[in-house]
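Engineer: One structure, as structure tokens, below. Some questions next.
The values are calculated or read from the model by the stated rules, or taken from the named source; none is laboratory data. These figures come from a predicted structure and were not determined experimentally. Neighbour counts run over all protein chains shown; Cβ positions are idealised from the backbone, glycine included. SASA here: full protein model, heavy atoms, side chains in, ligands and nucleic acids out. Shrake-Rupley method; radii C 1.70, N 1.55, O 1.52, S 1.80 Å.
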Amino acid sequence: QVQLVESGGGLVQAGGSLRLSCAASARTFSSHAMGWFRQAPGKEREFVASISRSGSHTAYAASVKGRFTISRDNAKNTVYLQVNSLKPEDTAVYYCAADLTIRPFETPSSWYEYDYWGQGTQVTVSS
């Protein structure tokens, strides 16, 4: 299956920033919508952000809108999540996912819509 390798997680203080990266092995990376999800201790997996296959459309959860930015570089088969103004409640394991979409503008927000998942990277925000 498609392999997704994440990096960029770590420990930061409240108000700090990180840039998460997810490198895909797929030759057809540009035909996949990409998404980021997170799961905090004791909570369900939560949608964070998604981006259409060309990068022309994006979607964000209300809890992160204005603070997080999703982007992609199809030439490098990589999707990014810039996380700014971090809060302790952002602490979670962050997962990237890929979805082979039918329409070029789709930005899926449900976990069951995605076909492939990365291993996750831990983001910890201290107060």
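Engineer: What is the residue count in the range 47-76 for residues that are open to solvent by 40 Å² or more (accessible area, probe 1.4 Å) and over 21 Å from VAL12 (Cα atoms)?
Structural biologist: Number satisfying all stated conditions: 12.
Engineer: Something else about it: Scan the range 23-56 residue by residue and report those that are within 12 Å of the chain's Cα centre (by Cα) and farther than 17 Å from TRP111 by Cα.
Structural biologist: ALA23
Engineer: Based on this model, can you work out whether SER21 counts as small (Gly, Ala, Ser), open to solvent by less than 70 Å² (accessible area, probe 1.4 Å) and in contact with a Phe, Trp or Tyr (Cβ under 7 Å, 6 or more places away or on another chain)?
Structural biologist: Yes.
Engineer: Moving on to the next point. Filtering the range 24-46 down to residues that are open to solvent by 10 Å² or more (accessible area, probe 1.4 Å) and assigned to a strand (DSSP E or B), which residue is farthest from ASP90 (Cα to Cα)?
Structural biologist: Of everything passing the filter in the range 24-46, HIS32 is farthest from ASP90 (Cα to Cα).
Engineer: Scan the range 84-127 residue by residue and report those that are assigned to a loop (DSSP other than H, G, I, E, B), of a type in the set (A, V, I, L, M) and surrounded by fewer than 18 Cβ atoms within 10 Å (Cβ to Cβ).
Structural biologist: Once the filter is applied, which keeps residues that are assigned to a loop (DSSP other than H, G, I, E, B), of a type in the set (A, V, I, L, M) and surrounded by fewer than 18 Cβ atoms within 10 Å (Cβ to Cβ), the range 84-127 yields only ILE102.
Engineer: When the residues of the range 1-16 are narrowed to those that are under 15 Å from the mean Cα position of the chain (by Cα) and not in a strand (DSSP E or B), which ends up surrounded by the most Cβ atoms within 10 Å (Cβ to Cβ)?
Structural biologist: GLY9
Engineer: If you don't mind, another one. Looking at PHE29, PHE47, PHE68, PHE37 in this structure, which one is modelled with pLDDT under 95 and hydrophobic (A, V, I, L, M, F, W, C)?
Structural biologist: Matching residue, one of PHE29, PHE47, PHE68, PHE37: PHE29.
Engineer: Okay, next question. Could you please let me know if LEU100 is at pLDDT 95 or above and in contact with a strand residue (DSSP E or B) (Cβ under 9 Å, 6 or more places away or on another chain)?
Structural biologist: The answer is no for LEU100.
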